Amino acid sequence: MPKFQTIRGMRDFLPSEAEKLRHVEGTTQQIANLYGFKEVITPLVEHYDLLSAKSGDEITARMYAFKDLGGRKVALRPEFTASIARLMATALRNQPKPLRLFSSGTLYRYDEPQFGRYREFWQSNFEIIGSPRPEADVEVLSLTKHLLDTLGLQNYWFKIGHMGILRGLLSKEGVTDEQQNTLMQLLDTKQMDKALKTTKEIGVSTKGIATLQEILETKGKDASKVLTSLKETLQKYPDSMKAAENLHKILQLTQDSGIKFSQSIETGFARGLEYYTGMIFEVLIPEMTIALGGGGRYDKLVELFGGEPTPAIGVAHGLDRIALAIDKQNLPSKSIQETTAIIPIGEEATTQALKVALQLRGRGIAVEFEVMGRTVTRALQDADRRKTTFALILGPKELKDGKIVLRHLKTHKQQLVDIKDVANILSERID
Ligand code: AMP
């Protein structure tokens, strides 16, 4: 047994895995640009109190928390949104709204490791801050769809709900925020019966429980159908009614503007993070039971951290899980980059070959320079194994004539070309 291994729940990304993850991350950056988001980079370590303020017990209990050498209680971030809310209450407080902020990096949760669930994982996070309007909700749904389409994912579907529907009913029935949070955790972990039992114990009216049951069971693909019938049930609960109307408007706008995706509207759907106030959603593929991403509206969070009352909506995409989804659907994760191996023979040729390498890289051509001093045959075998496209071989004789051998590794065809032309020839063939 080797002495050192990765810590449980932590992973190394070997080159092909790292390439896949960076491909997904790079695509999220592209989407951020397309949708006008600006990146912010926030620290991995934050005050424990900031991170625990509104993340929910479930996440707080799983934080990597410790005292630093200065005696401060700190934690590794389990999500980005708390850091963004801190920024909104401080450095970005006076920035004109809306702000569209993008972040990407690792997060830490002491979850039980299993397929697609790690203790260190990657997210890309998008937040639109300052707009209470349905257009902002639509933008977040749209960019999520755009990301999955760009990566080539198929058959994904959105699970959509609205926190205001449940919370509106519970508040009217006198259930405290804290009790509501406990109930949301139960619903998030699919413990419906326990949630209903707890509601009875709290003393919610019979009518309230019947309505709650209906909300929990309401589910369907057609937003108009689902929400119109639900609104009849919600007559006695004006805040729930408003929430259902808000959700209806968002989904109508999405549909009318031609943003098409499969969806399931589930009004009993809740998410673990406590701070959601409006529409919430997750995105899934049929091949996996775990969500690729999720988000929602949180209109009170910035205020909680001492900022101005600021409506906001965000989404976090799980980059590890998206990479897994790409594998599950057998999609090419990246166009293979063409690489050229440069193999010098002898000392004098090495100097000249290094110059050629520099020149090619200056033209944007990827080059692997032979650093092992191997024979041409051995170096070519290795280049073959690593799926290099071309090899350039420079020996003393070619050097004297200002030439270099250009070999195509798949066809084994080779030709003698002028050193001064090699960059042009390669960039034409590679393009
Ligand atoms: P959340 O921050 O809980 O809203 O999660 C947003 C997304 O992050 C999820 O839909 C997952 O794709 C991803 N995610 C959350 N927890 C983990 C984890 N422990 N391991 C890998 N991905 C995760």
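The values are calculated or read from the model by the stated rules, or taken from the named source; none is laboratory data. Computed from a predicted model, the values in this text were never measured in an experiment. Reconstructed Cβ throughout: ideal geometry from the backbone, glycine too, with neighbour counts over all protein chains shown. Each accessible area value is taken on the protein alone, full model and side chains, heavy atoms only, with ligands, DNA and RNA left out. Shrake-Rupley method; radii C 1.70, N 1.55, O 1.52, S 1.80 Å.
Structural remarks
- From GLU120, GLU135, GLU127, residue being open to solvent by 60 Å² or more (accessible area, probe 1.4 Å), under 21 Å from HIS317 (Cα atoms) and not aliphatic (A, V, I, L, M): GLU135
- Qualifying residue in the stretch 90-107 (condition: more than 16 Å from the ligand (Cβ to nearest atom), closer than 26 Å to MET63 by Cα, part of a loop (DSSP other than H, G, I, E, B) and open to solvent by 40 Å² or more (accessible area, probe 1.4 Å)): yes
- Hits in the stretch 138-161 (condition: more than 16 Å from the ligand (Cβ to nearest atom) and within 25 Å of ASN246 (Cβ to Cβ)): VAL138, GLU139, SER142, HIS146
- Residue in the stretch 62-78 that is in the same structural domain as HIS23 (by TED's automatic domain parsing), within 16 Å of the ligand (Cβ to nearest atom) and in a helix (DSSP H, G or I) present: no
- Residue check for ILE322: at pLDDT 95 or above, more than 8 Å from the ligand (Cβ to nearest atom) and either in the same structural domain as THR150 (by TED's automatic domain parsing) or open to solvent by 10 Å² or more (accessible area, probe 1.4 Å) (or both): no
- Qualifying residue in the stretch 214-230 (condition: crowded, with 16+ Cβ neighbours inside 10 Å, among the polar types (S, T, N, Q), assigned to a helix (DSSP H, G or I) and in the same structural domain as GLU135 (by TED's automatic domain parsing)): no
Matching residues to (1) farther than 27 Å from PHE102 by Cα; (2) touching a residue at least 12 places away in the same chain (Cβ under 8 Å); (3) in a helix (DSSP H, G or I):
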position: HIS146; (1), (2), (3): no, yes, yes
position: ILE165; (1), (2), (3): yes, yes, yes
position: GLY168; (1), (2), (3): yes, yes, yes
position: VAL175; (1), (2), (3): yes, yes, no
position: GLN179; (1), (2), (3): yes, yes, yes
position: MET184; (1), (2), (3): yes, yes, yes
position: LYS190; (1), (2), (3): yes, no, no
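- Residue in the stretch 370-377 that is more than 16 Å from the ligand (Cβ to nearest atom), at pLDDT below 95, part of a helix (DSSP H, G or I) and not assigned by TED's automatic domain parsing to the domain that holds LEU21 present: no
- For VAL204: the one exception among (1) outside any helix (DSSP H, G or I); (2) open to solvent by 70 Å² or more (accessible area, probe 1.4 Å): (2)
- Whenever a residue of the stretch 241-262 is surrounded by fewer than 18 Cβ atoms within 10 Å (Cβ to Cβ), it has no partner that is modelled with pLDDT under 95 lying with C-beta atoms less than 6 angstrom away and at least six residues away or across chains.
- Flag if ASP188 is open to solvent by 70 Å² or more (accessible area, probe 1.4 Å) and among the charged types (D, E, K, R): no
- From the list ALA357, ALA353, the one residue that fits, being of a type in the set (A, V, I, L, M), assigned to a helix (DSSP H, G or I) and within 18 Å of GLN337 (Cβ to Cβ), is ALA357.
- Filter result for THR198 (free of Cβ contacts under 8 Å to residues at least 40 places away in the same chain, within 35 Å of the chain's Cα centre (by Cα) and crowded, with 16+ Cβ neighbours inside 10 Å): yes
- When we screen GLU274, GLU308, GLU303 for residues that are surrounded by 19 or more Cβ atoms within 10 Å (Cβ to Cβ), modelled with pLDDT under 95 and more than 9 Å from the ligand (Cβ to nearest atom), the only hit is GLU274.
- Residue, nearest to the chain's Cα centre (by Cα), within the stretch 252-271, restricted to residues that are under 24 Å from GLN180 (Cβ atoms) and more than 16 Å from the ligand (Cβ to nearest atom): ILE265
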